[in-house]
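First, the structure itself, so that you have it in front of you.
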Amino acid sequence: MSITISGLTKIYGIQRAVNNITFSINKGEIVGFLGPNGAGKSTTMKIITGYLPADKGTVLVGGIDVSKNPIATKKKVGYLAEANPLYYDMYVREYLSFVAGVHEVSDIKSAVERVIGLTGLAIESKKKTGQLSKGYKQRVGLAAALIHDPEVLILDEPTSGLDPNQIVEIRNVIKEQGINKTVLFSSHILQEVEAICNRVIIINKGEIVEDNLITNLTGNKLTESIVIEFQESVDESIFEGISNPIKVSSNTWIFTTENPDLVRKQLMELVFKKSLNVISLKNQSNVNLEAVFRQVTASK
């Protein structure tokens, strides 16, 4: 099961909320979907889940076109929306049974007990959803997304309102589910993304500005990051043969490498060969996802 998006565009009036984006996610991947407020994350997620129509482009869930067969794709998708709409007058088990019925789950009672145990809702399960704290409401939303054992999970700010202990519990649930599912996970808590995801897609002003493995972006204990800033704009093709170029802006690039001395040597040879003007060349240790996020979203 996978998600494949090609040339996706959504326009509100004169604003291009999503502008011709393309990416794919495979089974077993937990991908962080990041961006500033208003970048187009929630719009993209709503299009994937069939809640919004696209103006252009295609979205396939497991090879099925969302626009042509929305019911079939919704059966395969579990969606926790950022707003997390709940019926506050319904008890927790009652609400989950209702959602299971909508999805035509064959053994509703068993499915409800399974997700209550999975999301740690047992202690609050006899309350109405409107009586729950925000953190437990998020758990109910996640349980509802999992009730029909979907092949794809779309999670928009799933840890919002959770305390530190709850965050760890839900993080473990998501990681466990991600072993056999396709998971697209959006959050402004970048430490959570680093803890849960193996890859991130960063969107800014409706366009994808980064799509990479987190280890490539931030490095690890065996790697070092080298940042070079040129006076002029340079294209990625100029770095052929040099390890892992990551674009920060048109004139600034990061290289993550296990051999920083070699990369510095290669860069300086390139500078002399191409008569480039270097503003700075420096090492960065322990580059975190927040630094990468700020760099790539500030560059547009």
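The values are calculated or read from the model by the stated rules, or taken from the named source; none is laboratory data. None of these values were measured; they are calculated from a predicted model. Neighbour counts run over all protein chains shown; Cβ positions are idealised from the backbone, glycine included.
Based on this model, can you work out whether Val193 counts as exposed (fewer than 15 other Cβ atoms within 10 Å of the Cβ), at pLDDT below 90, outside any loop (DSSP other than H, G, I, E, B) and not aromatic (Phe, Trp, Tyr)?
It is false that Val193 is exposed (fewer than 15 other Cβ atoms within 10 Å of the Cβ), at pLDDT below 90, outside any loop (DSSP other than H, G, I, E, B) and not aromatic (Phe, Trp, Tyr).
Quick check on this structure: which one of Leu80, Leu132, Leu121, Leu86 is out of contact with any Asp or Glu (no Cβ under 8 Å at 6 or more places or on another chain), hydrophobic (A, V, I, L, M, F, W, C), touching a residue at least 40 places away in the same chain (Cβ under 8 Å) and surrounded by 15 or more Cβ atoms within 10 Å (Cβ to Cβ)?
Leu86
So which of Ser275, Ser285 is hydroxyl-bearing (Ser, Thr, Tyr), farther than 18 Å from Pro36 by Cα and modelled with pLDDT of 90 or more?
Answer to the selection: Ser275.
For Glu229, state whether it is within 24 Å of Asn26 (Cβ to Cβ), in a strand (DSSP E or B) and of a type outside the set (A, V, I, L, M, F, W, C).
The answer is no for Glu229.
Report, by residue number, each residue of segment 35-68 that is among the aliphatic types (A, V, I, L, M) and within 14 Å of the chain's Cα centre (by Cα).
Residues satisfying the conditions are Ala39, Met45, Ile48.
Residues in segment 144-178 that are under 20 Å from Thr73 (Cβ atoms) and assigned to a helix (DSSP H, G or I): how many?
Residues meeting the conditions: 4.
May I ask you to say which residue of Phe98, Phe33 is assigned by TED's automatic domain parsing to the domain that holds Leu146, buried (at least 21 other Cβ atoms within 10 Å of the Cβ) and aromatic (Phe, Trp, Tyr)? Break it down into steps so the answer makes sense when it comes.
On the way: Phe98 fails: buried (at least 21 other Cβ atoms within 10 Å of the Cβ).
None of the others qualify; the one that does is Phe33.
Kindly establish whether Ile167 is touching a Cys at 6+ places or on another chain (Cβ under 7 Å) and closer than 30 Å to Gly120 by Cβ.
Values: touching a Cys at 6+ places or on another chain (Cβ under 7 Å): no; closer than 30 Å to Gly120 by Cβ: yes.
So Ile167 fails the test.
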